[in-house]
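Below is one structure, written out as structure tokens, with a few remarks after it.
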Amino acid sequence: MTDSSLVQQEEADILRQAADWKAQGRSVAIATVVSTWGSAPRPAGSQLVVDGEMNMIGSVSGGCVESAVVHEALEIMESGEPKLLEFGVSNSAAWDVGLACGGKIQVFVERLN
């Protein structure tokens with residue numbers, strides 16, 4: 001299997017899990033990296049799915065960024081209001097939030113209806 005095929009399979013698994021959780025009556029939110037500048041551990045298009053019980057599949061970053069996205073996802077499941085989140089750090093603080101070095105990412109988080 002090529003790297004491209006592997007990525008496509010991973011994306012399909014994430015979305016399939018989101019649909020399964022929704023079909024089970026769970027609240028579900030999907031976070032998607034929509035843009036990156038500089039260094040970022042995950043490319044645009046990467047997704048993280050969270051349910052109301054804090055089960056997760058996928059990844060949008062790591063470290064504190066991922067934790068903040070999960071927190072926002074839980075709030076968005078309640079409110080239904082999508083959000084565009086932006087995370088950016090200087091090179092010196094990058095490791096503290098899970099970025100390989102200075103960079104910025106935007107993550108769109110929405111409730112699955």
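Within region 101-111, being modelled with pLDDT under 95 and either open to solvent by 50 Å² or more (accessible area, probe 1.4 Å) or among the aromatic types (Phe, Trp, Tyr) (or both) holds for 101, 104. Scanning region 49-73 for residues that are among the charged types (D, E, K, R), modelled with pLDDT of 95 or more and within 18 Å of residue 34 (Cα to Cα) gives a single hit, 72. Only a single item in (1) at pLDDT 95 or above; (2) of a type in the set (Lys, Arg); (3) touching a Gly at 6+ places or on another chain (Cβ under 7 Å) is not met by residue 83, and it is number (3).
The values are calculated or read from the model by the stated rules, or taken from the named source; none is laboratory data. All values derive from a computational prediction rather than experimental measurement. Reconstructed Cβ throughout: ideal geometry from the backbone, glycine too, with neighbour counts over all protein chains shown. These area figures cover heavy atoms from the full protein model, side chains too; ligands, DNA and RNA do not enter into them. Shrake-Rupley method; radii C 1.70, N 1.55, O 1.52, S 1.80 Å.
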